[in-house]
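One structure is given here, and the rest of the page talks about it.
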Amino acid sequence: MAVIELKKIKREYRMEGKHDSLSKDDADALIVHALRGVDFTAEAGEFISVMGPSGSGKSTLMNILGCLDKPTSGTYTLDGIETSQSDSNTFAYIRNRKIGFVFQSFNLLARTTALENVELPLFYRGHEKNEKKMNTQLRKQRAIASLKQVGLGKRMYHFPSQLSGGQQQRVAIARAMVSDPAFILADEPTGNLDTGMTLEIMGLFQELNRQGKTIIIVTHEPEVAVYTKRIITLRDGELVSDTKVNNRRDAMDDLEQWKNHSLLAEPAAASQQEVAS
Ligand code: ADP
Ligand code: MG
């Protein structure tokens, strides 16, 4: 069964203005057609990049996929649930249960440890209507398991400011996975990271995908998209290409090469250290 099925998705933004008093052409100019009928299906286990120039509709599509926004028309079926018909409570429930979000700026709570950040989605779960609160011990166990999965078992009690950017993004990925969502949705997840950390995070995504996680990332960087399995491209609100990535690169291999290369590229720094010691 498909995890995601979008059919003829359109999203129009109506701009402020007195539509009624305008000629048809002028009234049309007040409507932005951000998505013009997008059809798209993703199966479990896929790893997809969404690309396209600025203004092509990536964020609009991401908001719809993430159940943060509803399309003007068309249907979105997520894990067998037809979301377009759902009320706002169900919509919020789907968002909390079915989707793991990862953002460019990590969005971690600053005064809260890595562990507590990862527990948060499970904590909110207990506050939903008609739902049993999750047992404190179970919540902690699940968060610890998730942090171990991203290689941060030894950093659980660190605060975000005590972690590198790459480690903070790992915490965010652990948080996204803790509720065992139908898919992970990441918006420019490496946008704030340097080359080494970018490779580390893409390596982690590749590893999680090998373990069966379904992942969709929005990125404008072709260097990042080469680590995914499939690239869809938007232009002016339309899906203009959908291609399989052939000879996919391995991010951990590239990280090793990059490390060796950057060590070789810094002989000056190395010799200075010798002088100092
Ligand atoms: P991208 O993320 O690829 O840069 P967006 O999805 O943000 O593209 O935008 C697609 C189009 O929709 C653009 O023309 C943009 O100006 C327009 N748009 C996006 N959000 C809104 C909004 N809230 N109101 C009006 N127009 C919008
Ligand atoms: Mg955008």
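The values are calculated or read from the model by the stated rules, or taken from the named source; none is laboratory data. Just so it is clear, the model here is predicted, and its values are computed rather than measured. Heads up, the Cβs are rebuilt from the backbone with ideal geometry, glycines too, and the neighbour counts pull from every protein chain shown.
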TODO: Working carefully through the options Lys70, Lys58, Lys98, find the one that is within 16 Å of ligand 1 (Cβ to nearest atom), among the basic types (Lys, Arg) and within 28 Å of Thr243 (Cβ to Cβ).
DONE: Lys58
- [ ] Residues that are free of Cβ contacts under 8 Å to residues at least 12 places away in the same chain and surrounded by fewer than 20 Cβ atoms within 10 Å (Cβ to Cβ): find the helices (runs of 4 or more DSSP H) completely inside the range 107-196 holding 2 or more of those.
- [x] 136-149
Task: Considering residues of the range 16-30 that are in a loop (DSSP other than H, G, I, E, B) and of a type in the set (A, V, I, L, M) only, the residue nearest to ligand 2 (Cβ to nearest atom) - done: Leu30
Task: Any hit, the range 82-94, residues being at negative phi and at pLDDT 95 or above - done: no
Open item on the list: Can you list the strands (runs of 3 or more DSSP E) lying wholly within the range 31-91 that have 3 or more residues being buried (at least 16 other Cβ atoms within 10 Å of the Cβ) and either within 16 Å of ligand 2 (Cβ to nearest atom) or charged (D, E, K, R) (or both)?
Closed with: 31-43, 47-51
TODO: Give me a count of the residues in the range 204-217 that are in a helix (DSSP H, G or I) and either within 16 Å of ligand 1 (Cβ to nearest atom) or among the polar types (S, T, N, Q) (or both).
DONE: 2
Task: Matching residues in the range 218-254 - criterion: being closer than 17 Å to Val38 by Cα and within 16 Å of ligand 1 (Cβ to nearest atom) - done: Val218, Ile231, Ile232, Thr233, Leu234, Arg235, Asp236, Gly237, Glu238, Leu239, Val240, Ser241
Task: Flag if Ile94 is surrounded by 15 or more Cβ atoms within 10 Å (Cβ to Cβ), in contact (Cβ under 8 Å) with a residue 24 or more places away in the chain and in contact with a Lys or Arg (Cβ under 8 Å, 6 or more places away or on another chain) - done: no
TODO: Identify the single condition in (1) within 16 Å of ligand 1 (Cβ to nearest atom); (2) buried (at least 18 other Cβ atoms within 10 Å of the Cβ); (3) assigned to a strand (DSSP E or B) that Tyr13 does not satisfy, given that it satisfies every other one.
DONE: (2)
Open item on the list: Go through the range 219-236 and report how many residues are part of a strand (DSSP E or B) and crowded, with 23+ Cβ neighbours inside 10 Å.
Closed with: 1
TODO: Kindly provide the set of residues from the range 98-123 that are touching a strand residue (DSSP E or B) at 6+ places or on another chain (Cβ under 8 Å) and among the small types (Gly, Ala, Ser), ordered by number.
DONE: Gly100
Open item on the list: Cβ-Cβ distance below 6 Å, separation of 6 or more or different chains: which pairs start in the range 251-265 with a residue that is without any contact (Cβ under 8 Å) to a residue 60 or more places away in the chain and closer than 20 Å to Val226 by Cβ and end on one that is part of a helix (DSSP H, G or I) and among the aliphatic types (A, V, I, L, M)?
Closed with: Ala251/Leu199; Ala251/Met202; Asp254/Leu199; Leu255/Leu199
